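The values are calculated or read from the model by the stated rules, or taken from the named source; none is laboratory data. Since this is a predicted model, take the numbers as computed values, not measurements. Cβ: placed from backbone, ideal geometry, glycine included. Neighbour counts: every protein chain shown. Keep in mind that these areas ignore ligands, DNA and RNA; they rest on the heavy atoms of the full protein, side chains included. Shrake-Rupley method; radii C 1.70, N 1.55, O 1.52, S 1.80 Å.
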Amino acid sequence: MPLLCGRATSDNTRDKMIESEDFIVLHGRESSLVFEKSSGGAPLWRYWGPRLPNGELKLASLESSRPVPSFSPDRNIPLSVFPTFGAGWFNQSGLLASRAGRSFVQDFTACSASADPDNNSLRLTLGDDVAKIRLLLDIELDRATDVLSVGTQLENMGDDPLDVQRLASAVLPLPAHLETVRYYTGRHNKEFVPHQENLASSVWCRENRRGLTSHDSFPGAMVASKRAQNQAGEVYAAQLAWSGNHVQTIEALDDGRRQWHLGEWLAPGELRLSPGATMTAPGVLATFSTRGYDGVAQNFHGAIRKRMTWPRGRMKPRRVHLNTWEAVYFDHDLEALTALADAAAEIGVERFVLDDGWFKNRNDDRAGLGDWEPDIGKYPDGLRPLADFVVEKGMEFGLWVEPEMVNPDSDLYRAHPEWALSITGREPITARNQLVLDLSRHEVADYLFTKIDTLLTTMPISYLKWDHNRDLTLAGGADGRAMYRKQTLAAYKLIDRIRTAHRDVEIEACAGGGGRIDAGIAEYTHRFWTSDNVDPVSRLGIQRGFLQFMPPELMGAHVGASPCHATGRSHSLDFRASVAVCGHLGVELDIQTLDAEENKTLKSWIAFYKRHRERLHKGSVWRGEAGEAIVWQAHGDENHWLLFVYCMEQTSSRFPPALLLPMAKGEADYRVQIIHASNAGDRPPPDARLFEQMRGVGAVFSGSWLRHGGLSLPAMTAESCVIFHGKAQ
Ligand code: DGJ
């Protein structure tokens, strides 16, 4: 039983984790966690929030500080690290499980904690000797990024199978004073649509049952006060590291706080743990910042960067792509593609990615998936001549694949219809004319591994674009059970197997654009294809949402054709390129259709990107808005940054608003230069003297002025961009 007034003491000169008889305290850079031990029961969640001071923390035990309310169990049942149903906790349960309908209550009574102060981590072992289960919770607060990672494992210690209907990956406490939740919905060609809602007394819930991460519901959110802004205010954020079905709920508790559950969404009967078996839930990354939405984004960027596994342990400068999809679609002609590769090398492209359309009978999206051999009609000598040409030109050769899929019109399906996920007695449901292979069958995984391994072994392929172009339906396995979870794990395993055999190959995660963007697949891949929509106006919104959770170097961003294929809108090449250079740059058009002037312009943007990619990809990102029509984004660090200012629309005010720049240090002076300005149309608005100077040697401003007074902007036309370069002197 905790003391009435407990103490958690330690050496107060260090940021060390503190463990006393009653409490465990973990400190991050800007946040702290406090758990209260609970005589045998699961530790209680007492605190997640702003950094508490080092040293002794004096606080009262929860039991001593609140009376038992009327019509309630005679002992307090507060929010624990893992609340469960049936023994006095009436809110959402972290676990719902039974043994053939019996043993439906879980209550952890045999719990222990083991702390690892060096790693700022904690392993909590929660045992229930009656339900015969054990839950292991691994909690780590990374001091460098302030990101809390939670790992959860469930073990069936009983003699009968355990049917798990729900298992949270993490249960997080939220303080009472935060009122809003911000999250993202979307669809193909319109990913990361932001929403902000007030939290109410009803449960807030987002569920995804599409079988992969989905365009519709990013598996994460932010909870904040209404006053939180891009760079100020308390924001809590979490994301699930998982590429399958998911659910998150936020629910008000009796003490005014809220609990936030994130986990997998399980189909009926999907998860049955046999006696002695253990399952690992998807991981959760969570973070708190008082530096607003950008603060949590920067923390996530740090955490994702730490989890990435790059060939040879290090990210190479992100190579400029040319992706053939919107240039030729399925119309592959060796001569034309060779000419395209030649033109690409000429303007500075560094990786040529041959998209869909290269394999057997793949003349449209109705046939061929599963038959991973070059189409001899299009490539009489295989892909080698093209791949060799690309490599001779100094570029890398990348190839598109969609291994998880099969077209009914394919040799593979004709030979093995039973390899597709299905439900006996039900007509298969195709989407984009394709079905989904059951990757958990070892013969399927072996077949796909062999096919991809052969391609990678026999040709100089150093990059795969790994696509997944449909949601899962009738996703039953050979045993008739739901396969969503197994399919996700099997996809990870297959990618891992290929990477182990081909250590230098980088992989891009794509699912009709941004249908599989999450921290789970980020551990296996190296880039996301953010969206099939490369319209710069749409992209600005999509990319700002992406950057809330993922760092810019993973954000595939291409310069497409005008009019844009997805939206039909036209934009200047400068505007298209100015939006794409903020991510991992690529080109998604037939550059041979550009005139000499456009070709030169694109070449100069590629050179711009190469000059600045180190700064664009390795530092922090800040995002902001000004007036009704300006959005801006800065990349770098406090001493040296690039600032992209986009004007979306004519402003109604006569003068553009000044930008308050949070990345400027109050005590420094900055030389600020305009390194690019592209007004749309051929009637540039009148310029002022200052901007002429800034286009040349630059102008010097106090950091405090830039922070609080603001940077003046030149007149801008709609859909144009000005790029500033700022350096502390
Ligand atoms: C969907 C992807 O998002 C596109 O970039 C392209 O690779 C097509 N699939 C090819 O079918």
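Select from the stretch 202-254 the residues that are touching a Pro at 6+ places or on another chain (Cβ under 6 Å) and more than 25 Å from MET308 (Cα to Cα) and list them in ascending order. Hit for the stretch 202-254 is GLN231, nothing else. On the stretch given as the stretch 78-112, residues that are part of a loop (DSSP other than H, G, I, E, B), among the aliphatic types (A, V, I, L, M) and surrounded by fewer than 18 Cβ atoms within 10 Å (Cβ to Cβ) total 3. Answer yes or no as to whether ALA267 is assigned to a loop (DSSP other than H, G, I, E, B) and of a type in the set (A, V, I, L, M, F, W, C). Judged against the criteria, ALA267 is a match. Whenever a residue of the stretch 432-446 is over 15 Å from ALA415 (Cβ atoms) and within 16 Å of the ligand (Cβ to nearest atom), its partners that are in a strand (DSSP E or B) and open to solvent by less than 60 Å² (accessible area, probe 1.4 Å), lying with C-beta atoms within less than 6 angstrom and at least six residues away or across chains, give the pairs GLN434/MET405.
GLN239 satisfies every condition listed in (1) outside any strand (DSSP E or B); (2) polar (S, T, N, Q); (3) open to solvent by less than 30 Å² (accessible area, probe 1.4 Å) except (1).
When HIS584, HIS565, HIS617 are checked against the criterion of being more than 16 Å from the ligand (Cβ to nearest atom) and either under 26 Å from GLN548 (Cα atoms) or open to solvent by 70 Å² or more (accessible area, probe 1.4 Å) (or both), HIS617 stands alone in meeting it.
Can you pull out every residue in the stretch 338-359 that is within 16 Å of the ligand (Cβ to nearest atom) and charged (D, E, K, R)? Passing the criteria: ARG351, ASP355, ASP356.
The residues of the stretch 315-331 that are surrounded by fewer than 19 Cβ atoms within 10 Å (Cβ to Cβ), of a type in the set (A, V, I, L, M) and more than 29 Å from GLY302 (Cβ to Cβ) amount to a single one, VAL328. Among the residues of the stretch 430-449, is there at least one that is assigned to a strand (DSSP E or B) and surrounded by fewer than 21 Cβ atoms within 10 Å (Cβ to Cβ)? Within the stretch 430-449 (the criterion being assigned to a strand (DSSP E or B) and surrounded by fewer than 21 Cβ atoms within 10 Å (Cβ to Cβ)), the answer is yes, since at least one residue qualifies. Among the residues of the stretch 544-599, those that are farther than 20 Å from TYR184 by Cβ, among the charged types (D, E, K, R) and outside any strand (DSSP E or B) comprise GLU553, ARG569, ASP574, ARG576, ASP590, ASP595, GLU597, GLU598.
If you go through the stretch 460-481 and keep only what is away from the ligand (no atom under 16 Å from the Cβ) and either open to solvent by 20 Å² or more (accessible area, probe 1.4 Å) or among the hydroxyl-bearing types (Ser, Thr, Tyr) (or both), you end up with PRO460, SER462, THR473, LEU474, ALA478, ASP479, GLY480, ARG481. Once the stretch 527-548 is narrowed to residues that are more than 16 Å from the ligand (Cβ to nearest atom) and touching a Pro at 6+ places or on another chain (Cβ under 9 Å), the residue that is farthest from ASN323 (Cα to Cα) is GLN548.
LEU26 meets the conditions (1) of a type in the set (A, V, I, L, M, F, W, C); (2) at pLDDT below 95; (3) open to solvent by less than 50 Å² (accessible area, probe 1.4 Å) in every case but one. The failed one is (2). ILE517 satisfies every condition listed in (1) part of a loop (DSSP other than H, G, I, E, B); (2) within 23 Å of ILE347 (Cα to Cα); (3) hydrophobic (A, V, I, L, M, F, W, C) except (2). Name the residue that is nearest to the ligand (Cβ to nearest atom), counting only residues in the stretch 493-526 that are of a type in the set (Val, Ile, Thr) and free of Cβ contacts under 8 Å to residues at least 40 places away in the same chain. Top of the filtered list is ILE495. Checked against (1) within 16 Å of the ligand (Cβ to nearest atom); (2) touching a strand residue (DSSP E or B) at 6+ places or on another chain (Cβ under 7 Å), ASN363 passes all but a single condition, namely (2).
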